[in-house]
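> Sharing a structure with you now.
The values are calculated or read from the model by the stated rules, or taken from the named source; none is laboratory data. Given the structure is predicted, the values throughout are model-derived calculations rather than measurements. Neighbour counts are summed over all protein chains in view; Cβ atoms, including those assigned to glycine, are modelled from backbone coordinates with ideal geometry.
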Amino acid sequence: MAYDPHQLGDLTPSDPNRRQGLLAGFHLDLPLLSGLLLLCGFGLVVLYSAGGEDFAQVQRQMIRLGLAFCVMLIAAQITPSTLQRWTPWLYAIGVLMLVAVLLFGEVGKGAQRWLNLGVIRFQPSELVKLAVPLMIAWYLADKKLPPNWRNLLVAAALIVVPVLMIAKQPDLGTSLLVASAGIFALFLAGISWRLIFSLFGIAAAAAPVLWYLMREYQRQRVLTFLDPENDPLGAGYHIIQSKIAIGSGGMYGKGWLNGTQSQLDFLPERHTDFIFAVLSEEFGLVGVIALLSIYLFIILRGLYIATQAQDTFGRLLAGALTLVFFVYLFVNTGMVSGLLPVVGVPLPLVSYGGTSLVTLMAGFGMLMSIHTHRKLLPR
Amino acid sequence: MQIKDHHREGIDFSNRAIIAGLLVIAALLMLIGRLVQLQIIDHEHFRTLSKDNRVKLVPLPPTRGLIYDRNGVLLALNRPAYSLEMVPEEVDDIETTLQNLAQVIDVSEDDLERFHRLKKRKRRFDSVPIRTNLSIEEAAGFAVHRHRFPGLDIKAQLLRHYPYPDETAHVLGYVGRISKRDLETIDSSNYAGTSHIGKTGVEKSYEAVLHGGVGVQQVEVNSVGRVARILQHDKPLPGQDLHLHLDIALQKVALQALGEHNGAAVAIDPNTGGILALASKPGFDPNLFVEGISSKNYNALQKDPDRPLYDRALRGQYPPGSTVKPFVGLAGLETGHISFDTTVYCPGFFQLPGHSHRYRDWKKSGHGSMDLDAAITQSCDVFYYKLAHDMGIDKLSEKLSDFGFGEKTGVDLIGEARGILPSRDWKRAHRRQPWYPGETVITGIGQGYYLSTPLQLAAATAAFANGGTYYTPRLVDYLQTRGEEQQIPIPAQGKPISIQPDNWQDVHKAMLNVTEGVRGTAKRIRNTHYRIAGKTGTAQVFTVAQDEEYDEEKVAKKKRDHALFVAYAPAEDPQIAVAVIAENGGHGSSVAAPIARKIMDAYLLPQMGLDPNAPEEAIPTGVIAGEE
């Protein structure tokens, strides 16, 4: 059947030749941008409290956010077809850099993640977070979907190689995010449900092997997750204190700047990985639902953009990037609320720190580019 | 088969995207479910944990190690001190509470003012002191009425106390509240719960040993803040006790012996380098600093013209004057510039060849013909002017540096002064000037740039006394964990100095003659019980012009000469080496030597079974001394 744009639904794609206002001129998507700005604003308010009312810290974060938004703006200007041409190169560079990290990377906090390029220190796994979904989208772009076994195996190899290298650093959180980016791309490409379920089965069977491969601190985290009370002064301390902070917040919270758990230093890492607990304590369930609503809005908008994309590359990329954003959110909030083990994943766009910020915003830039560079077939 | 069906794939993708969206929503609902469980269903439980029944990790500060003198006398101990504190969050009406409190316990205007000042700075859930330093009676009196005052409690704390404040202020130093600057240098988690830290003296240099390691107690406290249940308890590691070489009785004698003079007296065991006394006068009350000294008291100490906070024994830098003559003489013998029978004629002054400037001898009429023994016994300056000039500054300062002059001794205290051993290098580095021959001349009698701390002087004397081993002076003898037998000694560190035994004997005999010879400058301190080898010194503070004469009466007290004396005894087997400096005391012979004698008496006589306070027997002149 011939491609018929009018069958995509009653939402007629906007005419790229009829630019709508300033935002469209810069290839920005207004709903997505609003959601992101709202989220970052909320994040700064929480950060001010979590950081012990340190305005200088908030300012530093604002500067990082500004930079990240600039990266997003730049990414939005790159057309999807250009991006598609660059993809194999980006992927190759990313993998080579991971090799370089393993060979001569700098060690920080017991893991080897940084590559010193002389001028800047760079974390190649951040580049790979984008390169893997790009590569899967690129690889499957001209293949018939759902992919056949051969294509599926090649795609799986493209995912597994960088994931293993990142896990070797060791950086469990990032390897999880990279793996999920690739897996989501495959899921969206339509791999069969039977395969999905059998993979789950294999994963369950492989758990003991994984346990054997884990580093001591990673095993400790899993044990602590299973029984936090076992080690209340050591590794379990994070989870116990975080749960107390969330639970004591109740429906409406203790009020901004008044969280005793956070302000009394009970809560560790409270401005970085555990900032969600501060929010839950001070703003209560109401505040949490407000925050999750913003996230949900961004994610649904991302998925909508994915469905509106005109080719396989755009669809898979937009969908995978959006779902990785969700994984960030879920792994972090799940960890802080004690649903998942402690994995070092920040709350996206809210936690203090700049490393993942730039990657995330570059991803959103790509989403906006995919959406604003759509072309109508000649009428 | 491989032809792409774009429309079909678009629909397939949309389906998958919708499924993904639904999964996202499901996951978020699960998350919200979890939060509802924590925040709504179990809210009471967590609220209790967090607030009314807050699980607290209470750091258990270790008790600070005690400090003993060589005879086991306690010099620094920990005394319980009580304070009354309030947690503002737990009090409904603070003003009324304070008014009611006044009926139970004395609360002064100052206390209230401090309370309100501190309250503003702290957070609502922090404890704020209302009264500090409660007597046991006051604490007990409040305890009876405690039920009427929720949110108020008596806090007990161990505070450092120094029972010999004047004697130990400079040696032990003191502890004070941890300051921001202290926090930069310590592991703050090990100091959680510790309020005080060593600020000066032994308290600072042995901080790591004295402090110990923090313990942790996980407790559940009830709504009024009292511990309901101890969940887990890791004991703190108490600080280790220090046992000093210091003899507090001797220290007391040293300070008393200094009398009205400011100054310092240092006594060292020449066989180990152990410091027996390290006295600096005047002292101050270190207990004032423990609780936080008031600005009034602190200003008074700061502005006191006698500078009581200044540790003269460790930091005071004085011209050593004639006390260096035995060392200069020994240097002359060792380098072969003189022998024991070399004589120099002293006309009362010395002139460099081709110069008219006269380097005066203290004895205007001159000493006549002098050999080394006479030049030490009578402290002839001209002999050393010539010797120093003949040796040259390079050899002289090299030999003197063997005895630790111009270098920190390495004593186990922080902040000792280095002193100055003049040399070409020193002058180039610090004055950016070349060395002049005239400066060598006055270096020979311990004047000019030459500066030494009393500790350096005592350590040098001890090194000579034991025949040539320079021991690093040490205050701490050994460490001991309370309740344990094992003693961890701080080993003596000795560095040999090469001295020919004959040369040592020559100088040793001359120093004996200082106290025993008819013309000895310190003959007044000889006694029947033990023999003393020593050397007097008088250090110029005020430079007298070439054509003027120094008149003790006319010169203001602040500008009067410092009196010095170094000695060791008993001469046959030295057990104690002493250096005394009496600021503006005038003459070493009349002022400093008797002080040193009292210190040596107090240390040596009891060892011989004699009473150092017994009235002195008259010693007929000439009974002991024969040579002169």
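> Looking at (1) facing another protein chain (nearest Cβ under 10 Å); (2) in a loop (DSSP other than H, G, I, E, B); (3) at pLDDT below 75, which one does residue A:261 not meet, given that it meets all the others?
Going through the list (1) facing another protein chain (nearest Cβ under 10 Å); (2) in a loop (DSSP other than H, G, I, E, B); (3) at pLDDT below 75, residue A:261 breaks only (2).
> Could you say whether any residue in the range A:332-344 is in contact (Cβ under 8 Å) with a residue 24 or more places away in the chain, more than 10 Å from chain B (Cβ to nearest Cβ), under 16 Å from residue A:35 (Cα atoms) and surrounded by fewer than 23 Cβ atoms within 10 Å (Cβ to Cβ)?
No - not one qualifying residue is present in the range A:332-344.
> Does residue B:117 meet the test of being closer than 22 Å to residue B:290 by Cα and touching a residue at least 24 places away in the same chain (Cβ under 8 Å)?
Values: closer than 22 Å to residue B:290 by Cα: yes; touching a residue at least 24 places away in the same chain (Cβ under 8 Å): no.
Here the answer is no, as residue B:117 does not meet what is asked.
> Let me ask you something else. If you check every pair at least six apart or on different chains, which have Cβ atoms under 7 Å apart with a residue in the range B:375-395 that is over 17 Å from residue B:450 (Cα atoms) first and a residue that is of a type in the set (Asp, Glu) second?
B:380/B:361; B:382/B:361
> Can you report the number of residues in the range A:362-379 which are under 22 Å from residue A:47 (Cβ atoms) and surrounded by fewer than 24 Cβ atoms within 10 Å (Cβ to Cβ)?
Here is the first cut: in the range A:362-379, the residues under 22 Å from residue A:47 (Cβ atoms) are A:362-364.
Then drop every residue that is not surrounded by fewer than 24 Cβ atoms within 10 Å (Cβ to Cβ), which leaves A:362.
Of the residues in the range A:362-379, 1 are under 22 Å from residue A:47 (Cβ atoms) and surrounded by fewer than 24 Cβ atoms within 10 Å (Cβ to Cβ).
> When residues of the range A:63-86 are filtered for being free of Cβ contacts under 8 Å to residues at least 60 places away in the same chain and either surrounded by 18 or more Cβ atoms within 10 Å (Cβ to Cβ) or within 19 Å of the chain's Cα centre (by Cα) (or both), how many remain?
Count: 2.
> In the range B:197-207, is there at least one residue being at positive phi and crowded, with 17+ Cβ neighbours inside 10 Å?
Scanning the range B:197-207, I find at least one residue that is at positive phi and crowded, with 17+ Cβ neighbours inside 10 Å, so the answer is yes.
> Test of understanding: among A:179, A:235, which residue is at pLDDT below 80 and away from chain B (no Cβ under 14 Å)? Even if it seems obvious, please write down each step before you answer.
Values: A:179 fails: at pLDDT below 80.
Criteria check complete, one pass: A:235.
> Tell me the residue from A:285, A:300 that is facing chain B (nearest Cβ under 9 Å) and farther than 27 Å from residue A:135 by Cα, please.
On the way: A:300 fails: farther than 27 Å from residue A:135 by Cα.
On inspection, the qualifying residue turns out to be A:285.
> Here is a list: B:404, B:415, B:410. Which entry is at pLDDT below 90 and outside any helix (DSSP H, G or I)? Full working, then the answer.
Values: B:404 fails: at pLDDT below 90; B:410 fails: at pLDDT below 90.
None of the other options fit; the residue is B:415.
> Additional query: Is at least one residue of the range A:166-173 small (Gly, Ala, Ser), over 15 Å from residue B:16 (Cβ atoms) and modelled with pLDDT under 90? Break it down stepwise before answering.
So the first thing to find is which residues in the range A:166-173 are small (Gly, Ala, Ser), and the list is A:167, A:173.
Of the ones still in play, those that are also over 15 Å from residue B:16 (Cβ atoms) are A:167, A:173.
With the extra rule that they be modelled with pLDDT under 90, the set shrinks to A:167, A:173.
Within the range A:166-173 (the criterion being small (Gly, Ala, Ser), over 15 Å from residue B:16 (Cβ atoms) and modelled with pLDDT under 90), the answer is yes, since at least one residue qualifies.
> So, one more: For the range A:30-40, does any single residue satisfy the condition of being touching a Leu at 6+ places or on another chain (Cβ under 9 Å), among the hydrophobic types (A, V, I, L, M, F, W, C), at pLDDT below 90 and not in a loop (DSSP other than H, G, I, E, B)? Give the derivation first.
Restricting attention to the range A:30-40, the residues satisfying the condition of being touching a Leu at 6+ places or on another chain (Cβ under 9 Å) are A:30, A:32-33, A:36, A:39-40.
In the following step, the residues that additionally are among the hydrophobic types (A, V, I, L, M, F, W, C) were identified as A:30, A:32-33, A:36, A:39-40.
Right, trim to at pLDDT below 90 and you get none.
No, the range A:30-40 contains no residue that is touching a Leu at 6+ places or on another chain (Cβ under 9 Å), among the hydrophobic types (A, V, I, L, M, F, W, C), at pLDDT below 90 and not in a loop (DSSP other than H, G, I, E, B).
> I'd like the full set of residues that are farther than 18 Å from residue B:470 by Cα and surrounded by fewer than 24 Cβ atoms within 10 Å (Cβ to Cβ), limited to the range B:258-277.
B:259, B:260, B:261, B:262
> Could you grab the pairs with beta carbons closer than 6 Å, sequence gap of 6+ or different chains, first residue in the range B:340-366 and in a strand (DSSP E or B), second one of a type in the set (A, V, I, L, M)?
Note: pairs meeting the criteria are B:344/B:370; B:346/B:370; B:346/B:382; B:350/B:382; B:359/B:441.
> With (1) under 30 Å from residue B:243 (Cα atoms); (2) crowded, with 24+ Cβ neighbours inside 10 Å; (3) touching an Asp or Glu at 6+ places or on another chain (Cβ under 6 Å); (4) not polar (S, T, N, Q) as the list, and residue B:517 as the residue in question, which single condition is left unmet?
Failing condition for residue B:517: (1).
> Please pick out the residue among A:316, A:329, A:291 that is in contact with a helix residue (DSSP H, G or I) (Cβ under 8 Å, 6 or more places away or on another chain), under 22 Å from residue A:345 (Cα atoms) and facing chain B (nearest Cβ under 10 Å).
A:329
> Taking the condition in contact (Cβ under 8 Å) with a residue 12 or more places away in the chain and within 30 Å of residue B:316 (Cα to Cα), does residue B:145 pass? I'd like the intermediate steps shown before the answer.
Numbers: in contact (Cβ under 8 Å) with a residue 12 or more places away in the chain: yes; within 30 Å of residue B:316 (Cα to Cα): no.
Considered against the rule, which asks whether it is in contact (Cβ under 8 Å) with a residue 12 or more places away in the chain and within 30 Å of residue B:316 (Cα to Cα), residue B:145 comes out as no.
> Any idea which of B:368, B:316 is under 23 Å from residue B:596 (Cβ atoms) and either surrounded by fewer than 24 Cβ atoms within 10 Å (Cβ to Cβ) or at pLDDT below 90 (or both)?
Working: B:368 fails: under 23 Å from residue B:596 (Cβ atoms).
The conditions single out B:316.
> May I ask you to say which residue of B:539, B:533, B:567 is within 27 Å of the chain's Cα centre (by Cα), surrounded by 14 or more Cβ atoms within 10 Å (Cβ to Cβ) and at pLDDT 90 or above? If you could, list the steps in order and put the result at the bottom.
Details: B:539 fails: at pLDDT 90 or above; B:533 fails: within 27 Å of the chain's Cα centre (by Cα).
Going through B:539, B:533, B:567 in turn, just one is within 27 Å of the chain's Cα centre (by Cα), surrounded by 14 or more Cβ atoms within 10 Å (Cβ to Cβ) and at pLDDT 90 or above: B:567.
> Within the range B:195-208, identify whether any single residue is under 26 Å from the mean Cα position of the chain (by Cα), aliphatic (A, V, I, L, M) and either in the same structural domain as residue B:576 (by TED's automatic domain parsing) or over 26 Å from residue B:313 (Cα atoms) (or both), and answer yes or no. Walk me through how you get there before you give the answer.
Start the filter on the range B:195-208 by keeping residues that are under 26 Å from the mean Cα position of the chain (by Cα), which leaves B:195-208.
Within this subset, residues satisfying the condition of being aliphatic (A, V, I, L, M) are B:197, B:202, B:208.
Then keep just the ones that are either in the same structural domain as residue B:576 (by TED's automatic domain parsing) or over 26 Å from residue B:313 (Cα atoms) (or both); that gives none.
Within the range B:195-208, none of the residues are under 26 Å from the mean Cα position of the chain (by Cα), aliphatic (A, V, I, L, M) and either in the same structural domain as residue B:576 (by TED's automatic domain parsing) or over 26 Å from residue B:313 (Cα atoms) (or both).
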